[in-house]
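Encoded as C-alpha cells, the structure appears first; notes follow it.
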Amino acid sequence: MREYDLIVVGAGPAGSTCAALCAMFGKKVLLLEASRFPRDKVCGDCLNPTAWPVLDELGIAEQVRSLPSTIPRKIRFSVVGAGETEIPLPASNAATPELVIRRRDLDALLVEHAIASGVEFQDGSPVTSLRRVSDLWEVTTSLGESHLAKLIVASDGRNSVTARHLGMHAPLRRTGRIGLQTHIPHPHEYDGTLEMRIYRNGYGGLADLGNGIANLCLVANDGAMKELRKEAEKHYPVASAAAWRSITPISRATARNVAHNGVFLCGDAARVVEPFTGEGISFALRSGALLSGILNSGESDASVHLLKKEELYRWGHRDLYRNGLLVNHFTRLLSEHPRIAHSLAPLLLAFPELLSFLTRKVIR
C-alpha cells in the first residue's frame, strides 16, 4: 500500500489537468481511470477558445494544435420543416481558435503530459471503495489494490462513483434525456461547417474532425431517442454498423458540496455542462486548473490549510460557472421541449443576427 499527496479519480480533461499541475508543483500524485486508454467519449469534440490559457499553463498548446483537428469558420442552424441559416463564427486569434478535435486524442495527450510531469497513472482501475483511515483516505480499485492519500480529487464524470459513495451528489430527479454519439464518414457534399439541427424528436450536432470523419451527436428526451435516431440516419447517411456510444443522464444537479473533508469534485463530477454549445471541455480544463492552483497554495497550519482550501474552491468554482452558461441553458430548454424550439424557429431563422449574438457569447 503506497501513500500519495493526492489521488485523482478520472483521467478526463479535469482530472488530468489537475493531476499534471499538482505534480509539476512537486506533489506525489496517483491518477486512476476506470477505462483503458485511449478511449472515445460521448462528446461534441469542440474546444472553446477559453481553454487555451489552461493548455498554455500546462505547456502543451502547440502539441494540441498539432493533433488532427479542424477550425470551423461558420455554423449552420437548421430546424426540420422551418429551413436553415448560416452565420460566420467570430473571428478568433490564430493561436486560440475554436477547434474541433477528437476527444480520445486530446485526453490521451493530457494523460501523456501528466505522466511526463511525474504523475503515476493506472487505467483499467475502477474505484470500488473509499474510506477514511485516521487522517488519510484509503482508495481500493477493482484490481484489489489499495492506496492512501491526504486528498482526493473526484473527476470521474457526471455519474461519479466517488461523489455518490460519499453522498456529495444530489439524488437524480429523473433520468430525463439520453445522449448518443458516433463518428461517420463525411456526408455527401458536406463542407465541414459546424451544424446544429433541431429535429422533431430532439437535437443534433455535426462537427468535422478532419480526415473525412465527422462527429454526430444526438440528444433526446427519454423515450424519443429511437425516433430521433431514425430522423438523423435519414438526414445523414449513417451506416447500420456505426458504433453508437450513449450517456445518461444528460442533466444532473450541481453537487451538494464540491469540497468536503479533503475530497474535491472537479469537472462534470461537480457540475455538468450539457453538450449543446461546445463548452464542456473548456470548463473541465479550467476547473482542473482552478483546483490545482488552490491545492498548491501553502498554509502554515495544516488544519486551517485544508478548511481554507475547501472554502476557496467552493467560491472559485461558483464564480467559474456563474455567468458563463446562459446560452447553454437556453439551448437546453429547446432540447428538452422540441415544441418550443419549433415555435421559436421562424424567429431565430428570420433574425440570424440574434443567432450570431448568441454564438459570440459562447465563442469568446
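With a cut-off of 14 Å between beta carbons, the residues surrounding residue 120 carry a summed charge of -3, where Lys and Arg count +1 and Asp and Glu -1. Helical content alone sets the calculated 222 nm signal of the chain at -10500 deg cm²/dmol, taking -39,500 (n - 2.57) per DSSP H segment of four or more residues and averaging over every residue. Sorted into 10 angstrom bins from 0, the C-alpha pair distances of the range 71-122 split as 19, 27, 26, 17, 9, 1 percent.
Over the Cα atoms of the chain, the radius of gyration divided by the Kirkwood radius equals 0.98; this is the Rg/Rh ratio. A simple count of charges around residue 259, restricted to other residues whose Cβ falls under 9 Å of its Cβ and scoring Lys, Arg +1 and Asp, Glu -1, yields 0. In this Cβ point-charge picture (+1 for Lys and Arg, -1 for Asp and Glu), the chain has a dipole of about 1000 debye about its Cα centre. Applying D = kT/(6 pi eta Rh) to the range 182-267, where Rh is the Kirkwood radius over alpha-carbon pairs, T corresponds to 37 °C and eta to 0.692 mPa s, the Stokes-Einstein value obtained is 219 µm²/s. Candidates 13, 142, 244 compared by Cα position along the dipole of the chain: farthest toward the positive end lies 244, with charges placed on Cβ. GNM on the chain, alpha-carbon springs under 10 angstrom: the most fluctuating residue among 261, 93, 159 is 93.
Of all DSSP beta bridges confined to the chain, the antiparallel ones make up roughly 65%. Counting Cα-Cα pairs of the range 228-269 in 10 Å increments starting at 0 gives whole-percent bin shares of 19, 31, 19, 18, 12, 0.
Hydrodynamic estimate: the Kirkwood radius of the range 1-72 over Cα pairs, inserted into Stokes-Einstein at 4 °C and 1.567 mPa s, corresponds to D of 92 µm²/s. The distance separating the Cα centre of the range 1-60 from that of the range 127-170 comes to 17 Å. The ranking of 153, 161 by Cβ neighbour count inside 10 Å, starting from the fewest, reads 161, 153. Helix 280-295 versus the longest principal axis of the chain: what is the Cα-based angle in degrees, 0 to 90, to the nearest 10? Between helix and principal axis, roughly 20 degrees. Placing one equal scatterer on every Cα of the range 125-226 and applying the Debye formula, the log10 ratio I(q)/I(0) at q = 0.15, 0.20 Å⁻¹ is -0.81, -0.97.
Do any GluC sites (Glu not before Pro) in the range 189-279 lie in a loop, going by DSSP, with at most 14 other beta-carbon atoms within 10 Å of their beta carbon, and if so which? Walk me through the numbers on the way to the answer.
Values: sites: 189, 195, 227, 231, 233, 279; in loops: 189, 279.
Those satisfying the criteria are 189.
Its relative contact order, with pairs defined as Cα atoms under 8 Å and 6+ residues apart, puts the chain at 24 percent.
Angle check, please: helix 302-322 long axis (alpha carbons) against the longest principal axis of the chain (alpha carbons), in degrees 0 to 90, nearest 10. Between helix and principal axis, roughly 10 degrees.
Lysine pairs in the chain whose alpha-carbon atoms fall under 16 angstrom of each other, counting only those eight or more residues apart or on distinct chains, come to 7.
Each value in this text was obtained by applying a stated rule to the coordinates, not by laboratory testing. The structure presented is a predicted model; accordingly, all values stated were derived computationally and were not measured. Every residue, glycine as well, gets a Cβ built from its backbone with ideal geometry; the counts of neighbours run over all protein chains shown.
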